[in-house]
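To start, the structure itself, in structure tokens.
The values are calculated or read from the model by the stated rules, or taken from the named source; none is laboratory data. Here the structure is a predicted model, which is why all the values come from computation and not from measurement. Heads up, the Cβs are rebuilt from the backbone with ideal geometry, glycines too, and the neighbour counts pull from every protein chain shown. SASA here: full protein model, heavy atoms, side chains in, ligands and nucleic acids out. Shrake-Rupley method; radii C 1.70, N 1.55, O 1.52, S 1.80 Å.
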Amino acid sequence: GLLYGVNTLGAVAGVLMCGFVLTPKWGPAAANGVAVAISLVTGLSAWLLSLRLDRSEATAQPEFQDSGENAPERPAGAFLLLLGAGVSGFVALGFEIAAFRALILVYGSTTYTFSAMLSVFLAGIAIGSTVFSRLAGAIKRPVFWFAVTQIGSGLCMILALYRFNAQPELLLRYLLRHGLVWEHLLAAQFMITVSLLFLPTFFFGGAFVMAAQALCERSESSS
């Protein structure tokens, strides 16, 4: 969960850097080139690091061919947990698309709008997975907490749906109070997006951690 959270926070940094710095200053082609260069450097670094790893234990162990007779049994409830995690991911991406299309009606369709919404969406997932991973050791009933994350995300999505109609008026009031300038428009976009999307995405990130912990505990108990 912590690795997943750090990876997603990196995605947030990439969205903000590309949407608000690289693309406006250098254009899409240069921004894409920077992304390709970073990926190549990261991959090359990981490959060089792998060459330095000690593989003596792996090579010292005799080869073992599993005929399938002694294969471990699948933990009880593993299929339902995997199904629940898959449904959670399906709902998360569906909610992302629906929310983005709805918020574009409030903000307008621009690169900055999409970058603001995507960064908030990813940040919620990253923070949720990081927080739940820190609490994973103290959580004794991960399946129950997986259910809590699903119920929580559902309730927050319903709340966001009922609050959506008030967002255009909120945006106009904010701009009338602070002035119709780009910085204030961007601040209002972030504020409204956080108020609507942060809590559902927080629970989406926690759901992955709780499902993974539940599967790990069942695998250990069945071995």
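Given R₀ = 22 Å, what would the calculated FRET efficiency be for LEU80 paired with LYS140, taking r from the Cβ atoms and rounding to 0.05?
Between LEU80 and LYS140 the formula returns 0.70.
For the residue pair LEU105 and VAL181, what label-to-label distance in nm results when each label sits 7 Å from Cα along the Cα-to-beta-carbon direction?
3.2 nm
GNM on the chain, C-alpha springs below 10 Å: top fluctuator among GLY124, GLY84, GLY27?
Among GLY124, GLY84, GLY27, the largest mean-square fluctuation in the Gaussian network model of the chain belongs to GLY27.
Say we join alpha carbon atoms closer than 10 Å with springs in a Gaussian network model of the chain; which of LEU161, LEU105, LEU44 then has the biggest fluctuation?
LEU44
Quick one: which residues, 5 or more positions from GLY77 or on another chain, have an amide H under 5 Å from its amide H? H modelled 1.01 Å from N in the peptide plane, none for Pro or chain starts.
Those lying under 5 Å, H to H, from GLY77: there are none.
Output wanted: per-residue J couplings in Hz (rounded whole) for segment 138-144, from phi through Karplus 6.51 cos²θ - 1.76 cosθ + 1.60, θ = phi - 60°, x for Gly and Pro.
Each residue of segment 138-144 in turn: 8, 8, 9, 10, x, 5, 4 Hz.
With each pseudo-label sitting 7 Å past Cα toward Cβ, what's the ALA147-PHE90 distance in nm, one decimal?
Going by the 7 Å Cα→Cβ label model, 2.1 nm.
Roughly how many Å² is the accessible area per residue of the chain, as a whole number, for a 1.4 Å probe?
That works out to 64 Å² per residue.
LEU48 to LEU161: FRET efficiency via 1/(1 + (r/R0)^6), r the Cβ-Cβ distance, R0 41 Å, to the nearest 0.05?
0.25
Apply the Karplus parameterisation 6.51 cos²θ - 1.76 cosθ + 1.60, with θ equal to phi minus 60°, to every residue of segment 8-16 and state each ³J(HN,Hα) to the nearest whole Hz, in sequence, with x for glycine and proline.
Working through the residues one at a time gives 6, 5, x, 5, 4, 4, x, 5, 5 Hz.
From the phi of every residue in segment 82-97, what ³J(HN,Hα) in whole Hz does the Karplus formula 6.51 cos²θ - 1.76 cosθ + 1.60 yield, where θ is phi - 60° and glycine or proline is x?
5, 5, x, 5, x, 5, 4, x, 4, 5, 4, 6, x, 5, 4, 5
With n ≥ 4 as the cut-off for DSSP H runs, can you work out [θ] at 222 nm for the chain, using -39500 (n - 2.57) per run divided by the number of residues, rounded to the nearest 500? Write down the numbers at each step before the final one.
On the way: 9 runs with 180 residues, N = 223.
Value at 222 nm, helices only, nearest 500: -28000 deg cm²/dmol.
Checking the a/c ratio against 1.5 first, then a/b against b/c, what shape does the Cα gyration tensor give for segment 1-49?
Verdict is oblate for segment 1-49.
Mind running the shape call on segment 70-223? Use the C-alpha gyration tensor, a ≥ b ≥ c as the square roots of the eigenvalues: rounded below 1.5 for a/c, prolate if a/b tops b/c, oblate otherwise.
Prolate, since a/c reaches 1.5 and a/b exceeds b/c.
When the chain is treated as a GNM, springs tying every alpha-carbon pair under 10 Å, which of THR130, THR201, THR42 comes out with the largest mean-square fluctuation?
Evaluated over the chain, the most mobile residue of the options is THR42.
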